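**Student:** Sharing a structure, written as structure tokens. Questions coming.
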Amino acid sequence: MNDFRRSIALVISLAAVATLAGCGGFDSAGSGRAAEAPAYRVGDRWVYHGQDGFRLLTTWEATHTIASVGADGIVERVTVKGPSIDLARVEQWPVPGRVKIGAVYENETRRFVTPLDRYRFPLAAGATWSQFVDNFDESTKATGQINNYVHVDGWETVVTPAGTFDTIAMHVVIWLDDETFWRFPTQCNYSLWYAPAVRGIVREIKRATYQEKGGDMDSGARIPTQNTFIELVSFTPGA
């Protein structure tokens, strides 16, 4: 669990930096060895095992499959199945790393006015970017704006059920658009490990919290909403 402890320490510091990132001037391309944009193939398939919860765990298996690749972009189909979950959704990417339709938090479907930069290839250590992105959330039927901040950490070796991979680690801080009269927006602190060998993520650690209004803002008390661990189980390349 060293990855987990390291990720939590880093996202705490990144959250403070990301508060300022939306003001501009924080974008950086990074330097050194980089992960180039992948060349997806129709039929590329990633199978993940996921779990979420604090005392009682919810588990599932998610299958991501590239359905089409063309001049108008890339379509990925996602199915998620488990004892208490059974759903399907579709993502659309104009180019690798950019999301026109897709999820940022769980399995919601968001339509972005301007594509979300999930990854800015080539990915090199030290790269950072921040976006304020308008979107329509199909699950809530509401429009809003999220803030997405990403820092590329560096190269690490990661062992998963699918094998051992040379990965580049990223830390992501997202402020969702779910503020209400009684609570502040959800803050997501995520750690991701991208492996060029499989053209995708091989591990994710996802933590999210929110803070209620009307209390002591200096107390730092936050309500946890997400405690997710996801790992790659298998990758099958397309034709």
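The values are calculated or read from the model by the stated rules, or taken from the named source; none is laboratory data. The shown structure was predicted, so the numbers you read here are calculated from the model rather than taken from an experiment. Quick reminder, even Gly has a Cβ in these numbers, built from the backbone with ideal geometry, and neighbours come from all protein chains shown. Surface areas here come from the heavy atoms of the whole protein model, side chains and all, with no ligands, DNA or RNA. Shrake-Rupley method; radii C 1.70, N 1.55, O 1.52, S 1.80 Å.
**Student:** If I filter the range 196-205 for residues that are of a type outside the set (Gly, Ala, Ser), modelled with pLDDT under 95, open to solvent by 40 Å² or more (accessible area, probe 1.4 Å) and not in a strand (DSSP E or B), do I get at least one hit? Walk me through how you get there before you give the answer.
**Tutor:** Here is the first cut: in the range 196-205, the residues of a type outside the set (Gly, Ala, Ser) are 196, 198-199, 201-205.
Pick out the ones that are also modelled with pLDDT under 95 and you get none.
No, the range 196-205 contains no residue that is of a type outside the set (Gly, Ala, Ser), modelled with pLDDT under 95, open to solvent by 40 Å² or more (accessible area, probe 1.4 Å) and not in a strand (DSSP E or B).
**Student:** Checking the condition under 30 Å from Asp86 (Cβ atoms) and either within 19 Å of the chain's Cα centre (by Cα) or at pLDDT below 85 (or both), which residue from Gly50, Gly22 passes? Even if it seems obvious, please write down each step before you answer.
**Tutor:** Values: Gly22 fails: under 30 Å from Asp86 (Cβ atoms).
Answer to the selection: Gly50.
**Student:** Name the residues in the range 28-57 that are surrounded by 14 or more Cβ atoms within 10 Å (Cβ to Cβ) and not small (Gly, Ala, Ser), would you?
**Tutor:** Those that are surrounded by 14 or more Cβ atoms within 10 Å (Cβ to Cβ) and not small (Gly, Ala, Ser): Pro38, Tyr40, Val42, Asp44, Arg45, Trp46, Val47, Tyr48, His49, Gln51, Asp52.
**Student:** In the range 38-77, what residues are of a type outside the set (Phe, Trp, Tyr) and within 17 Å of Pro115 (Cβ to Cβ)?
**Tutor:** So in the range 38-77, the residues of a type outside the set (Phe, Trp, Tyr) come out as 38-39, 41-45, 47, 49-53, 55-59, 61-77.
Passing the criteria: Pro38, Val69, Gly70, Ala71, Asp72, Gly73, Ile74, Val75, Glu76.
**Student:** Right, something else. Name the single residue, out of those in the range 212-239 being among the charged types (D, E, K, R) and under 27 Å from the mean Cα position of the chain (by Cα), that is modelled with the highest pLDDT. Reasoning before the result, please.
**Tutor:** So the first thing to find is which residues in the range 212-239 are among the charged types (D, E, K, R), and the list is 212-213, 216, 218, 222, 231.
Right, trim to under 27 Å from the mean Cα position of the chain (by Cα) and you get 212-213, 222, 231.
Working: Glu212: 93, Lys213: 91, Arg222: 88, Glu231: 98.
Looking at residues that are among the charged types (D, E, K, R) and under 27 Å from the mean Cα position of the chain (by Cα), I get Glu231.
**Student:** Please state which one of Gly97, Gly82 is closer than 22 Å to Ala208 by Cα and modelled with pLDDT of 95 or more. Even if it seems obvious, please write down each step before you answer.
**Tutor:** Details: Gly97 fails: closer than 22 Å to Ala208 by Cα.
After ruling out the rest, the residue left standing is Gly82.
**Student:** Find the residue count for the range 95-108, including only residues that are over 13 Å from Glu138 (Cβ atoms), open to solvent by 10 Å² or more (accessible area, probe 1.4 Å), of a type in the set (Val, Ile, Thr) and assigned to a strand (DSSP E or B).
**Tutor:** Of the residues in the range 95-108, 0 are over 13 Å from Glu138 (Cβ atoms), open to solvent by 10 Å² or more (accessible area, probe 1.4 Å), of a type in the set (Val, Ile, Thr) and assigned to a strand (DSSP E or B).
**Student:** Among the numbered criteria (1) closer than 22 Å to Glu36 by Cα; (2) open to solvent by 30 Å² or more (accessible area, probe 1.4 Å); (3) under 14 Å from the mean Cα position of the chain (by Cα), which one does Asp72 miss?
**Tutor:** That leaves (3) as the condition not met.
**Student:** While we're here: Could we say that Trp60 is surrounded by 13 or more Cβ atoms within 10 Å (Cβ to Cβ) and under 16 Å from the mean Cα position of the chain (by Cα) here? Talk me through it step by step, then tell me what you get.
**Tutor:** On the way: surrounded by 13 or more Cβ atoms within 10 Å (Cβ to Cβ): yes; under 16 Å from the mean Cα position of the chain (by Cα): no.
So Trp60 fails the test.
**Student:** Any residue in the range 109-133 that is outside any loop (DSSP other than H, G, I, E, B) sitting within a Cβ distance under 6 Å of a residue that is aromatic (Phe, Trp, Tyr) and open to solvent by 20 Å² or more (accessible area, probe 1.4 Å)? List the pairs, counting only those 6 or more apart or interchain.
**Tutor:** What qualifies is Arg111/Phe136; Thr128/Phe26; Ser130/Phe26.
**Student:** Specify which of the listed residues (Val173, Val159) is modelled with pLDDT of 95 or more and surrounded by fewer than 14 Cβ atoms within 10 Å (Cβ to Cβ). Talk me through it step by step, then tell me what you get.
**Tutor:** On the way: Val173 fails: surrounded by fewer than 14 Cβ atoms within 10 Å (Cβ to Cβ).
Answer to the selection: Val159.
**Student:** What's the total number of residues in the range 119-154 that are more than 20 Å from Pro185 (Cα to Cα), of a type outside the set (Asp, Glu) and surrounded by 14 or more Cβ atoms within 10 Å (Cβ to Cβ)?
**Tutor:** Looking only at the range 119-154, we keep the residues that are more than 20 Å from Pro185 (Cα to Cα), and these are 119-129, 151-154.
So of that shortlist, the ones also of a type outside the set (Asp, Glu) come out as 119-129, 151-152, 154.
Retained after the next criterion (residues that are surrounded by 14 or more Cβ atoms within 10 Å (Cβ to Cβ)): 119-125, 127-129, 151-152, 154.
Residues meeting the conditions: 13.
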